[in-house]
Amino acid sequence: MGKTLLQKVWDLHTVRTLPTGQTQLFIGLHLIHEVTTPQAFDALRARGWKVARPDRTFGTVDHIVPTRDRKRPFLDMLAEDMIAALERNAKDFGVPLFGLDSDRQGIVHVIGPELGLTQPGMTIACGDSHTSTHGAFGAVAFGIGTSQVRDVLASQCMALEPLKVRRIRVNGQLPPGVYAKDVILEIIQRLGVGGGVGYAYEYAGDTIERMSMDERMTICNMSIEGGARVGYVNPDETTFRYLEGRPYAPKGDAFERAKAWWRAMASDADAVYDDDIEIRAEDLTPVVTWGVNPGQSIGIKEGVPGGATSGDAQSVSDALEYMQLHAGQPIEGLKIDVAFVGSCTNGRLSDLREAARVVKGRHVAPHVKALIVPGSVAVSKAAVAEGLDKIFVAAGFEWRGAGCSMCLGMNPDRLEGDQVCVSSSNRNFKGRQGSPTGRTLLMSPAMVAAAAVAGTVTDVREMLPPSPTAPASQGSVAEVH
Amino acid sequence: MEALRITRVEGRAIPVRGVDIDTDRILPARFLRAVTFEGFEEHVFIDDRAAAKKAGALHSFDQPPYQGASVLVVNSNFGCGSSREHAPQGLHRWGIRAIVGESFSEIFYGNSMMIGLPCVTASHEHVEALMAAIERDPQAQVTVDLAKGTCTAAPRDGTPYTFPVSMPDHVRDAFATGAWDTTGLLLENYEQVNATAARLPYVSGFTS
């Protein structure tokens, strides 16, 4: 009987079974940032422990970084304290840090892949729930809390319970204007925000196989929004092409040996899954969230749900009240205040290209504040090199520096009052974008761009220029090197 | 460091109703700008509390009878979303020592375990009955017995109500033995860790 990638990686990284019955798993790569580590480093100091594998630990700053003025010290002294703490901890414990002055700085889930740190068959941990992003490479990547960060710093290991595997096959051709973001929002809507608890999601099928690494990262990134702590795609030639030549990827003969090992880590054809579902790509339309969790979404042409017919009437009516929407209201045409393209979900070069394709020659509606925030310094440089920044600025967008920005309220980029924000990020929770009454609608970067121009939630399919090629799956040539 | 052994939690209880309550609601991101967890009890549910006040109501965390409660009672998929340990840290610092719920997000559950905050699950009916009991009498004594796998609510003017609660065996054992504090365990027999690393070709950069 064959094995899944998850089982293979799990078995290879198992140190032993702990007296608690949990598995002690070796962690191949530990990524750290300023938010979830200061208390962990203090715990190490208190107990006199070192970082076990500083050679397998890398840091950057992302959540609190201002995207407009990065001068030190930051105006926000709390943020300044956090970045200073990470700099001191990295120095004291010998951990490499891609700090504010580094051209490798960026959102932790953008730079890991970009630098070739993220590789197939690895176990990866990071104190951030969107660590599932790295699964796009066929890694098994866990989002963890600060006490587990302490464990991984001190021992390069974690204590874990085994996961079941649900295979989600996406087959068929995505229609124009429908993207990886729509696929994952649809999956979460169908399976529920708690549907993946206890599971790793294996994304498979010909639609996923045709996707670029950027698109696969968008899918894996939001696994946790469906309750699955881990999501992955089996590594293939697309994965290897992306990795070749990156700073931390193996070189020459070592790369050839790596490819053979990586290929062997993919799930076997006769692997057995705990659950198996299929989604037809051609049935999908652009998806928009209307509520206060990423599972509360509808197609752009649909009306907001509600009334006694909905499954959980209380949570639907609670969400409608917060969002100031009423049952049956069309989502298309809803007036917006803010448009945000960025985040670890959709802040990569191909995302910026798709948004630029929509806004080129158009202008942001006068009442809309619109932000483009590249996921990393490298994404920013690559976008500038092909003139995307000029397209955005000419269209009335603000072009910002790399960071988490408006995905969460930890830096100066925040909603005010009950503003409505169309966002390419991953969470529409109450208060997520920094205002306790702010309203977030999640969608693809192209849909955000379309809404920014229209000033209302709009159907990007009606704004896309005719294209000789399919819009999705640009292939690895479309990605930052 | 000797970790605490936890086999039962007793005290008054506090309900927070609602499904899919995410960690951004338990502890909004803007309060994560800190290098310690000190004072986090002040931020717990802060936006929900403000919203309730604005609507002319009081969130349970602001209602006087629930102050000093040590058992939190919640519905399903509690703690979904962000992996921030700041959320269970805030609840623990507020005084919560056990959580009874229909279900929990995986990361929240693990984070709570790591800081010695047991979460147990019970059926929807039992959770509803417990919430109703403590809403009727916030002074009711609630006992979560990890060893027996039961939760008992004892209202002052009625008969005690006992129902089964569950947690995985290894979690129960970890709390019973103090092994929930895992770092020490992971550092034992470190030669086994090195042996595992040595069989992973990427650790040596695929040099052979």
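The values are calculated or read from the model by the stated rules, or taken from the named source; none is laboratory data. Not measured: the values here are computed from a predicted model. Cβ coordinates were reconstructed from backbone atoms using ideal geometry, including for glycine residues, and neighbour counts include every protein chain displayed.
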Search result, residues across the range B:14-35 that are over 14 Å from B:Val73 (Cα atoms) and either facing chain A (nearest Cβ under 7 Å) or polar (S, T, N, Q) (or both) = B:Asp22, B:Thr23, B:Asp24, B:Arg25, B:Pro28, B:Ala29, B:Arg30, B:Leu32, B:Arg33, B:Ala34, B:Val35
For the range B:176-186, indicate whether the set of residues that are at negative phi, more than 10 Å from chain A (Cβ to nearest Cβ) and under 19 Å from the mean Cα position of the chain (by Cα) is non-empty.
-> yes
Identify the residue in the range A:35-49 that is of a type outside the set (Phe, Trp, Tyr) and over 30 Å from B:Arg30 (Cβ atoms) and, among all such residues, is farthest from the other protein chains (Cβ to nearest Cβ).
-> A:Gly48
Hey, A:Asp42 without any contact (Cβ under 8 Å) to a residue 24 or more places away in the chain and either surrounded by 21 or more Cβ atoms within 10 Å (Cβ to Cβ) or not β-branched (Val, Ile, Thr) (or both) or not | yes
Of the residues A:Gln173, A:Gln189, which single one is away from chain B (no Cβ under 14 Å), of a type in the set (S, T, N, Q) and under 30 Å from A:Ala450 (Cα atoms)?
-> A:Gln173
Test A:Ser444 against the stated conditions and say whether it is away from chain B (no Cβ under 12 Å) and not aliphatic (A, V, I, L, M).
-> yes
Taking the condition in contact with a Lys or Arg (Cβ under 6 Å, 6 or more places away or on another chain), within 9 Å of chain B (Cβ to nearest Cβ) and buried (at least 24 other Cβ atoms within 10 Å of the Cβ), does A:Gln156 pass?
-> yes
Run A:Ser317 past the list (1) modelled with pLDDT of 95 or more; (2) in contact with a Gly (Cβ under 8 Å, 6 or more places away or on another chain) and report the number of the one that doesn't hold.
-> (1)
Within the range A:414-424, work out how many residues are within 12 Å of chain B (Cβ to nearest Cβ) and either in contact with a helix residue (DSSP H, G or I) (Cβ under 8 Å, 6 or more places away or on another chain) or modelled with pLDDT under 95 (or both).
-> 2
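Just for the range A:1-34: of the residues that are of a type in the set (S, T, N, Q) and within 13 Å of chain B (Cβ to nearest Cβ), which one is surrounded by the fewest Cβ atoms within 10 Å (Cβ to Cβ)?
A:Thr17
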When you go through (1) of a type in the set (A, V, I, L, M); (2) within 9 Å of chain B (Cβ to nearest Cβ); (3) closer than 27 Å to A:Gln119 by Cβ one by one for A:Ala85, which number turns out not to apply?
-> (3)
Of the numbered conditions (1) modelled with pLDDT of 95 or more; (2) surrounded by fewer than 19 Cβ atoms within 10 Å (Cβ to Cβ); (3) over 13 Å from the mean Cα position of the chain (by Cα); (4) of a type outside the set (S, T, N, Q), B:Ala140 fails exactly one; give the number of that condition.
-> (2)
Does B:Ser83 satisfy the condition of being buried (at least 24 other Cβ atoms within 10 Å of the Cβ) and out of contact with any Ser or Thr (no Cβ under 9 Å at 6 or more places or on another chain)?
-> no
Among the residues of the range B:131-175, the number that are in a strand (DSSP E or B) and either out of contact with any helix residue (DSSP H, G or I) (no Cβ under 8 Å at 6 or more places or on another chain) or of a type in the set (D, E, K, R) (or both) is 9
Residue count for the range B:58-94, restricted to those that are more than 9 Å from chain A (Cβ to nearest Cβ) and over 11 Å from the mean Cα position of the chain (by Cα) | 15
Please specify each residue of the range B:97-112 satisfying the condition of being more than 9 Å from chain A (Cβ to nearest Cβ), among the hydrophobic types (A, V, I, L, M, F, W, C), under 24 Å from B:Ala34 (Cβ atoms) and touching a residue at least 60 places away in the same chain (Cβ under 8 Å).
-> none
Scan the range A:266-297 residue by residue and report those that are hydrophobic (A, V, I, L, M, F, W, C) and either buried (at least 23 other Cβ atoms within 10 Å of the Cβ) or in a loop (DSSP other than H, G, I, E, B) (or both).
-> A:Ala266, A:Ala269, A:Val272, A:Leu284, A:Val287, A:Val288, A:Trp290, A:Val292
Can you spot a residue in the range A:104-118 that is surrounded by fewer than 20 Cβ atoms within 10 Å (Cβ to Cβ), farther than 11 Å from A:Gly59 by Cα and modelled with pLDDT of 95 or more?
-> yes
For helices (runs of 4 or more DSSP H) lying entirely in the range A:315-420, having 1 or more residues that are within 26 Å of A:Gly299 (Cα to Cα) and in contact (Cβ under 8 Å) with a residue 40 or more places away in the chain picks out A:343-346, A:349-359
